[in-house]
Structure formats: C-alpha cells, structure tokens
1. Regarding the stretch 91-101, can at least one residue be identified that is over 16 Å from Phe15 (Cα atoms), surrounded by fewer than 18 Cβ atoms within 10 Å (Cβ to Cβ) and aliphatic (A, V, I, L, M)?
2. Spot the failing condition for Thr168; the list is (1) assigned by TED's automatic domain parsing to the domain that holds Lys57; (2) over 30 Å from Ile53 (Cβ atoms), and only one is missed.
3. Does any residue in the stretch 90-113 that is in contact (Cβ under 8 Å) with a residue 24 or more places away in the chain and part of a helix (DSSP H, G or I) come within less than 6 Å, Cβ to Cβ, of a residue that is surrounded by fewer than 20 Cβ atoms within 10 Å (Cβ to Cβ) and among the small types (Gly, Ala, Ser) six or more places away or on a different chain, and which pairs are these?
4. Do you know which of the residues in the stretch 118-173 that are in contact with a helix residue (DSSP H, G or I) (Cβ under 9 Å, 6 or more places away or on another chain) and assigned to a helix (DSSP H, G or I) is surrounded by the most Cβ atoms within 10 Å (Cβ to Cβ)?
5. Checking the conditions here, which among Thr2, Thr8 is surrounded by fewer than 13 Cβ atoms within 10 Å (Cβ to Cβ) and of a type in the set (Val, Ile, Thr)?
6. Does Ile72 satisfy the condition of being under 23 Å from the mean Cα position of the chain (by Cα), over 13 Å from Gly28 (Cα atoms) and touching a residue at least 24 places away in the same chain (Cβ under 8 Å)?
Amino acid sequence: MTSRSAGTRYARALFDVANKEGDVQQAGRDLVSFNELVSNHESLAKIFANPAIPAPKKKAVVAQLIAHGGAIAPIVGKLLLLLAERDRLPLLPDIVVAYQSRLMDHAKVVRVEIVTAVSLPPDRVAALEQGLAHATGRQVQLASRIDPSIIGGAIAKVGSTVYDGSVTRQLQKMKETLTAEA
C-alpha cells in the first residue's frame, strides 16, 4: 500500500469520527498546525522519519507536543498518538492533503485552475467563476495562471478533469488530423 492510499484511509477515518463527534473544520486546523510544527522543525521531522528510533519514544515526543501545544481536538490527538505508536508519522503530510480534500468535498467546494496566455480582467474571472460554479453545482475556488506558450484560449483544470481549449491544443489536433489523412 502506498503512503498516499494509507494517508487517505487515515484521513477518511479521522473525518468520519470528527463528523460524528466534533467539528471537522477544527480537526482539520489542528491536523494542519501539527503538520506545520513538524515540518518547520527539521529535527522533529528527522526523528519521526527515522526508523532506528523506537516507536514508544516517538509516541512520548508526540504526547509532549500535544500537551504543550495548547488546545488540540481529542480525536486529532488520538490519531497522532496512534500514528506514533504504529511508527506511521511520516504519513502525516499525505493525511493532511487527503483530509483537506475531504473537507472541500464535504463543503461542496471544487478547486479550479485556469491557465491563459494573457492576464484576464477581474470581471472576466468572476464570470468564469460563476459559470464553473453553475456547471459543477459547487462553490468554486479559482486560481489563475498565465502561460504565454498556449498562444490563446484557456485550459481549465476542474478537480482532476482538464478541459484544454488552448490554441496550441487546437493546432496540435489539426496537425494530427492532417497527418493522419496523408
């Protein structure tokens, strides 16, 4: 099992429990803050990733961090201690990504990335956002990027689906059609 799929399973379990017992948003914030704490301290990250350090010692470190870290949701604390006990703390970044994805899905929010050749005016971005929200039936979190190599048009990435309406892609299709007929 890959770390990504294992992280997804832990995130799903945490989300399900948080949804029944507590606040899913708070659990997400606590998970992110603990992950940032670990990733911002190189020595902590090395300790948690080192297989030579026994799991009970890692669990003790996590317990101390939880105790001194302030208010953390009990279910997040239990998950962190479980990860330490099973020596699965390196999965934490994957768990955070999967949990954030689950939170967005729960809130009916979809991430959309728009790539254009030139900068779009704010009214055009707002119109795109509205149209995508209507098409997907979800709230849209739009990020735009400029890539002059697409010549014109736009590429929209909605979740994991890519809609390529760039001039570069259209020219490529025409070339494929012409060379296939020759």
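The values are calculated or read from the model by the stated rules, or taken from the named source; none is laboratory data. Everything numeric here is computed off the predicted structure, so don't read it as measured data. Glycine also receives a Cβ, built like all others from the backbone with ideal geometry; neighbour counts cover every protein chain displayed.
1. no
2. Condition not satisfied by Thr168: (1).
3. Pro90/Ala49; Leu91/Ser3; Leu91/Ala6; Asp94/Ser3
4. Step one: filter the stretch 118-173 for residues in contact with a helix residue (DSSP H, G or I) (Cβ under 9 Å, 6 or more places away or on another chain), giving 118, 120, 138-142, 144, 149-156, 158-159, 164, 166-169.
Next, from what is left, pick out any that are assigned to a helix (DSSP H, G or I): 149-150, 167-169.
Numbers: Ser149: 8, Ile150: 19, Val167: 13, Thr168: 16, Arg169: 14.
Per the criteria, the residue is Ile150.
5. Numbers: Thr8 fails: surrounded by fewer than 13 Cβ atoms within 10 Å (Cβ to Cβ).
Only one candidate qualifies: Thr2.
6. Details: under 23 Å from the mean Cα position of the chain (by Cα): yes; over 13 Å from Gly28 (Cα atoms): no; touching a residue at least 24 places away in the same chain (Cβ under 8 Å): yes.
No: the conditions fail for Ile72.
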